[in-house]
Amino acid sequence: MVSNTNRKVLEWCKSLVGKGCISNKKTYKKNHTPSFNLKWEYNIALDIAEKCCPYLIIKKERAKCILRWKSVVKRNGKYTPEELYRKKELIAEIKRLNKK
């Protein structure tokens, strides 16, 4: 998902990818500028992250975590003890990166 206060920027991003859904974000305070979200389906978002990763500077580590997510997290929820450990480690890494 990409958020921005300029809808035209998100429309441009959507046109580059060819897919996505733009929605309004709720503003909680009167002084907040209205903003928008551009969302993609799971596999499309992973493809975008993979293509953008070499060019990222600030959020490169987060993008790498996202790319590892598909190989670590199973859709059926059934894990061996080792797989569950890897999932918990990845979640802890994502939380650590989000605190910055």
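The values are calculated or read from the model by the stated rules, or taken from the named source; none is laboratory data. Just so it is clear, the structure is predicted and the values come from calculations on it, not from any experiment. So basically every Cβ, Gly included, is an ideal-geometry build from the backbone, and we count neighbours across all protein chains shown.
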| note | Expected output for segment 51-66 (first residue within 16 Å of residue 93 (Cβ to Cβ), partner not in a helix (DSSP H, G or I), Cβ below 6 Å, 6+ apart or cross-chain) is 63/56
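Grab the helices (runs of 4 or more DSSP H) fully contained in segment 25-100, keeping just those with 2 or more residues being at pLDDT below 90 and within 26 Å of residue 13 (Cβ to Cβ). Please lay out each step first, then the result.
Working: elements: 42-52, 60-72, 81-99.
Filter on segment 25-100 gives 42-52, 60-72.
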| field | So residue 53, is it surrounded by 11 or more Cβ atoms within 10 Å (Cβ to Cβ), within 21 Å of residue 97 (Cα to Cα) and in contact with an Asp or Glu (Cβ under 9 Å, 6 or more places away or on another chain) | value | no
